[in-house]
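Reviewing the structure listed below.
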Amino acid sequence: MAAFRMSIVIDDDEHEFSDSEISTEKFVVSMTRKCLDFGCEYFPVISLKKSCRIVRIEVRFLFDGLYCGERVLFYNNANTTNDWVNIKELGEESISSKDIAMIKCGEETFAVAMTSAEKFYTTFETDKSKLVIHYELEGKTVKAGNELALESFIASDDVCGGEFFDKYCTYMAEKYSVKLPGKIDSGWSSWSCYYHDINEENISLQSENLKSEYGDRGADLIQIDDSWQNGKSFCADWTGSTENFPHGMAALSEKLKSRNQRLGLWLAPTLIGDSSKFYAEHPDYALTEAKRCFNVTTQPIGTEYSVYTLDLENKEVIRHIKNSFKNAVEKYGSRYFKIDFTYHSLFNAEHGTHIKYKKGYSIEVYKNVTREIRKTVGDDTFLLACTAPITESIGVFDAIRTTPDVTWEKYGDSHPGYRSIIEGNAQNILLRSYYHGKLFICDPDALLVRGVMGEVDDDFHATIDEARLIASIVALSGGTILINEEIEKLDEERRAIIKNVLPPIGIAAHPEDFFEYPRCTKASLKCNGKRIAAVFNWEDSPCDKFISNRESVFAFDCWTKEFLGEFKGDIPVENMSPHSVRCILLVRNPSKTRAGMPMRGKERPLFLCDDTNFYMGINESFDIRDSVAPGSNRYFYIPHDFMTFGLPKAIGKRVYRNNIGAIYKIEGKKENE
């Protein structure tokens with residue numbers, strides 16, 4: 001780290017690190033490190049010589065004018081799962097973020113990422129002159145002789161961007177022995193469809209729709225969001241609403257099982273609203289001294305109440321939370337939970353203050369309650385974190401939301417417009433894509449394709465190009481695909497868009513240029529030596545773009561299923577409509593080496609793609625003798641001198657020929673053919 005100076009600040013007492021240890025009359029700070037292939041991991045420890053209250057500790061990286069003059073780009077990972085992330089120009093004003101931060105200025109780079117999150121709430125404060133890791137110690141008294149092991153971190157001035165992000169996630173997955181489910185879920189969710197207006201009838205209707213339209217694609221999850229519970233959003237009573245579900249949640253779950261479907265439920269288990277019956281019965285459960293987290297004025301319109309974090313150190317509160325989940329698992333048969341708003345039990349956004357519990361530090365309190373939830377539901381139950389901290393949730397949750405909600409109910413002039421939300425969410429999905437499949441499954445929020453607003457004014461009415469764009473970015477996330485639509489109201493074209501991205505394959509696309517500014521316009525999903533190249537037009541007018549390519553490849557359109565031809569350089573994408581995407585599967589020409597010379601000695605049919613869905617069989621492998629699904633087409637490259645012994649005489653339709661071989665399309669036959 002020769003290009004940077006490091007200092008440590010305990011409250012207002014700053015000392016520069018010139019060695020591995022700093023000693024003062026109050027404390028000793030040691031900083032051991034472990035060298036990795038993409039940076040150094042640091043382990044700061046504070047030993048107190050005298051008892052004292054500590055509010056904050058900072059580790060500062062001082063740049064000494066290194067990032068002056070040129071454009072300085074900064075990866076802003078924001079503060080929670082549901083905040084927008086982006087590439088920003090770094091200036092004199094400080095940017096607050098969490099978990100991972102990266103700077104690029106010409107050839108100069110710097111990256112830092114937290115590698116533990118067990119006790120102290122940490123944030124980054126970054127400007128052109130410095131990057132500060134801020135540890136919140138909450139003003140608690142630390143006794144003389146005690147040691148505080150601060151959260152560890154990795155810093156690098158050699159590796160940055162997507163490479164750093166990828167290696168960091170690989171390292172963290174190994175460090176914490178992260179195990180993730182093998183199957184990526186798909187199905188239907190109620191929130192951006194019905195919002196609070198849910199009941200037995202409309203849930204059952206969408207269950208029937210899901211089974212008839214997409215059951216053959218493996219979509220089997222029915223996730224019921226807010227308003228299934230016995231009260232308003234933050235009532236803390238996680239039993240079923242007898243008004244909305246008069247036959248009970250258990251009966252609904254059994255009905256879903258009879259359709260080979262599964263029940264998933266939404267909970268906000270760490271918060272409580274002061275208008276709820278549960279609050280009236282247990283006012284001591286609320287941590288009211290931390291002040292209200294936020295005010296609710298929307299459920300239903302005209303009501304207003306304050307929301308507080310529960311006292312998560314109270315044993316009765318923990319027992320209540322555990323019993324809520326136990327009841328949902330054992331009585332309702334739910335094995336999928338969306339756990340929402342836990343960030344508000346760490347940070348009070350309304351007052352800009354950290355939540356302080358009486359005994360433990362906030363992160364250790366958070367970790368304890370989430371681990372208790374995991375222990376209660378078991379390892380075979382799927383947990384999704386939403387509006388939550390990220391690093392602090394790794395290892396407990398199977399999936400973590402990586403975007404804000406894709407629809408927002410419209411209030412006054414605060415709504416950014418659905419197009420801005422789509423574009424912002426796409427940046428989140430691509431920039432945070434490196435988490436996926438290593439530390440957790442990235443959840444992209446809802447799949448929406450509707451062109452007409454529903455009864456709630458959420459400003460969502462996508463053009464057909466925008467519907468394909470949304471479906472593409474959800475598919476490219478590699479994560480869960482949950483339809484949030486009144487399916488019966490969609491026309492055939494929009495229903496087909498949904499079907500084309502099912503089932504998910506669990507592989508995420510990454511940006512081609514991580515620091516592309518001001519927004520990412522190109523991404524690639526890679527598997528089996530092939531790639532799906534996506535190019536986006538975020539503008540309000542048509543434009544021409546291109547897909548970068550340096551090989552001889554065959555190209556297939558992931559939406560139209562057309563064979564586009566053989567390309568030996570960049571692939572032009574002309575006259576792209578506003579707010580649209582083109583996704584093209586590129587398969588290396590098997591008759592050419594990487595240098596473009598003819599390839600000999602592999603005279604056998606080679607599977608190129610299968611157009612059953614958007615992914616074009618990129619994660620699959622087929623023999624030319626395998627049957628093809630009705631309505632689908634499969635493409636093989638067959639060398640001219642291949643011996644057809646044992647193959648049917650009619651191999652298929654030839655769609656392309658070069659000097660070494662030809663591409664044949666084999667059509668799936670209908671059952672009566």
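Table for the structure above
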| read-out | value |
| --- | --- |
| E330-D12 pseudo-label distance in nm [points 7 Å out on the Cα-to-Cβ vector] | 5.6 |
| Between segment 610-633 and segment 1-49, the Cα center-to-center distance that results, in Å | 56 |
| For R262, residues with placed amide H under 5 Å, excluding near neighbours | L221, I222 |
| Space enclosed by the convex hull of the alpha-carbon atoms of the chain, per residue, Å³ | 175 |
| Calculated SAXS-style log₁₀ I(q)/I(0) at q = 0.25 Å⁻¹ - segment 443-489, Debye, Cα scatterers | -0.96 |
| Of all DSSP beta bridges in segment 146-267, antiparallel share, percent nearest 5 | 10 |
| Spatial separation of Cα centroids for segment 430-467 and segment 340-382, in angstrom | 27 |
| Those trypsin sites (Lys or Arg not before Pro) in segment 102-190 that DSSP places in a loop and that have at most 14 other beta carbons within 10 Å | K143, K179, K183 |
| For segment 337-424, share of DSSP beta bridges that run antiparallel, in % to the nearest 5 | 20 |
| For segment 148-251, diffusion coefficient by Stokes-Einstein and Kirkwood Rh (Cα), 37 °C, 0.692 mPa s, µm²/s | 184 |
| Where the chain is the region considered: accessible area per residue in Å², 1.4 Å probe | 41 |
| Qualifying GluC sites (Glu not before Pro) in segment 442-498, DSSP loop, other Cβ atoms within 10 Å at most 12 | E455 |
| Antiparallel DSSP beta bridges within the chain, percent to nearest 5 | 80 |
| Loop-resident sites, segment 300-339, for chymotrypsin sites (Phe, Trp or Tyr not before Pro), counting at most 16 other Cβ within 10 Å (DSSP) | none |
| Ratio of the Cα radius of gyration of segment 271-422 to 2.2 N^0.38 Å, where N counts its residues | 1.10 |
| Within segment 47-71: backbone nitrogen closer than 14 Å to the T24 label point (7 Å, Cα to C-beta) | 47-60 |
| Environment charge of S524, counting only residues whose C-beta is closer than 11 Å and scoring Lys/Arg +1, Asp/Glu -1 | +2 |
| C-alpha center-to-center spacing [segment 56-102, segment 219-273] in angstrom | 40 |
| Carbon plus sulfur fraction of accessible area for the chain, probe 1.4 Å, in percent | 47 |
| Debye intensity ratio in log₁₀ form over the Cα atoms of segment 507-563, taken at each q of 0.14, 0.16, 0.21, 0.30 Å⁻¹ | -0.45, -0.59, -0.99, -1.41 |
| Whole-percent pair-distance distribution, where bins are 5 Å wide, for the alpha carbons of segment 24-127 | 2, 9, 18, 20, 18, 15, 10, 5, 2, 0 |
| Per-residue ³J(HN,Hα) for segment 100-109, Karplus 6.51 cos²θ - 1.76 cosθ + 1.60, θ = phi - 60°, Hz, x for Gly and Pro | 8, 9, 9, 10, 9, 9, x, 8, 7, 9 |
| Other-chain or far-sequence residues with amide H under 5 Å of L271's (modelled H) | L310 |
| Proximal charge balance of R71 [Cβ under 10 Å; K/R count +1, D/E count -1] | -1 |
| Cut-off 10 Å between beta-carbons: net charge of the residues surrounding S190, Lys and Arg +1, Asp and Glu -1 | -3 |
| 5 angstrom amide H check on V142, placed H, neighbours 5+ away | C52, R53, I54 |
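The values are calculated or read from the model by the stated rules, or taken from the named source; none is laboratory data. Treat the numbers as computed from the prediction; the structure is a model and nothing was measured. Here the Cβ is made from the backbone with ideal geometry for all residues, glycine too, and neighbour counts use every protein chain on show. Heavy atoms of the whole protein, side chains included, go into the accessibility calculation; ligands, DNA and RNA do not. Shrake-Rupley method; radii C 1.70, N 1.55, O 1.52, S 1.80 Å.
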